[in-house]
Amino acid sequence: MSIKSWLNLVSAITRLPGIGPKMAERLALYLLRHPGETDRFLNVLNTAREKLAYCPQCGDFVETDGSPALCHRCQDPDRGNEQICVVEEVGDLQALERSRAFHGKYHVLGGVLSALDGVGPEDLRINVLIKRVKEQSVREVILATNPTAEGETTATYLAEILRPMGVSVTRLAYGLPSGSAIQYADEFTLAQAVEGRRHFN
Ligand SMILES: [Zn+2]
């Protein structure tokens, strides 16, 4: 293997979120030294890319045979349409589900507004959310974006659009320390955050 291929590999891994150059080198070495493990990983990744799609309504993952279908939560008659909990990413949805504090429907934005990263409203699933609030009997939208600067900006932006639509807009009560991620919060803290949610202003 030429050094160029090595550098290309490390640089490709560095482009993954949260991976610095040191970690990228460690991963590259590991992948090269464990071909069996690497093959298994590539297989699982390819299968996931083939089989997983996004639910056209909430944006969660859904296992698909090619045709777009609603996920099991969106189809669940025991989950009313009255409450929608808006989260940044699928991982946040899964963490809130583990807390068992929320029994309504979800909406995954697919990120947060960020001038720095060039993410505008049109890059997020905001239009689908507005459509849901307009067309379904939604009474409350819980803004469960992370307590980061971008998460707060996104929540404020959404609240300004949603409030005039006559829907109650609430925000999670953060026993969560400021800046911490919903995805990694423990179940008890998350359940309390949902329980103590407040009107968002
Ligand atoms: Zn869904």
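Residues in the range 180-201 that are in a loop (DSSP other than H, G, I, E, B) and under 16 Å from the mean Cα position of the chain (by Cα) were compared, and the one that is modelled with the lowest pLDDT is Ser180. Annotation note: Cβ proximity below 6 Å between a residue of the range 88-107 that is within 17 Å of Asn146 (Cα to Cα) and among the acidic types (Asp, Glu) and a residue that is assigned to a helix (DSSP H, G or I) and more than 14 Å from the ligand (Cβ to nearest atom) (sequence gap 6+ or interchain) occurs for Asp92/Ile182; Asp92/Gln183.
Working only within the range 46-69, note down all residues that are of a type in the set (Gly, Ala, Ser), assigned to a loop (DSSP other than H, G, I, E, B) and away from the ligand (no atom under 12 Å from the Cβ).
At the first step, the residues of the range 46-69 found to be of a type in the set (Gly, Ala, Ser) are 48, 53, 59, 66-67, 69.
Then keep just the ones that are assigned to a loop (DSSP other than H, G, I, E, B); that gives 59, 66-67, 69.
The answer is Gly66, Ser67.
Within the range 87-106, restricting attention to residues that are touching an Asp or Glu at 6+ places or on another chain (Cβ under 9 Å) and not in a loop (DSSP other than H, G, I, E, B), the residue that is surrounded by the most Cβ atoms within 10 Å (Cβ to Cβ) is Tyr106. Take Gly118 and decide whether it is on the phi > 0 side of the Ramachandran plot and without any contact (Cβ under 8 Å) to a residue 12 or more places away in the chain. Taking the combined requirement at face value, the residue satisfies it.
Among the residues of the range 140-163, what is the count of those that are assigned to a strand (DSSP E or B) and not acidic (Asp, Glu)? Break it down into steps so the answer makes sense when it comes.
Our first condition is that a residue be assigned to a strand (DSSP E or B); within the range 140-163, this holds for 140-143.
Going one step further and asking which of them are not acidic (Asp, Glu), we end up with 141-143.
Of the residues in that region, 3 qualify.
Taking the criterion of being in a strand (DSSP E or B) and either surrounded by fewer than 16 Cβ atoms within 10 Å (Cβ to Cβ) or touching a helix residue (DSSP H, G or I) at 6+ places or on another chain (Cβ under 8 Å) (or both), the only residue of the range 112-139 that qualifies is Ser114.
Here is the figure for the range 70-102: residues that are over 18 Å from Leu129 (Cβ atoms) and near the ligand (Cβ under 9 Å from one of its atoms) total 2.
The values are calculated or read from the model by the stated rules, or taken from the named source; none is laboratory data. Only a predicted model underlies this, so the values are computations on that prediction, with no experimental measurement involved. We place every Cβ from the backbone using ideal geometry, glycine too, and count neighbours over all the protein chains shown.
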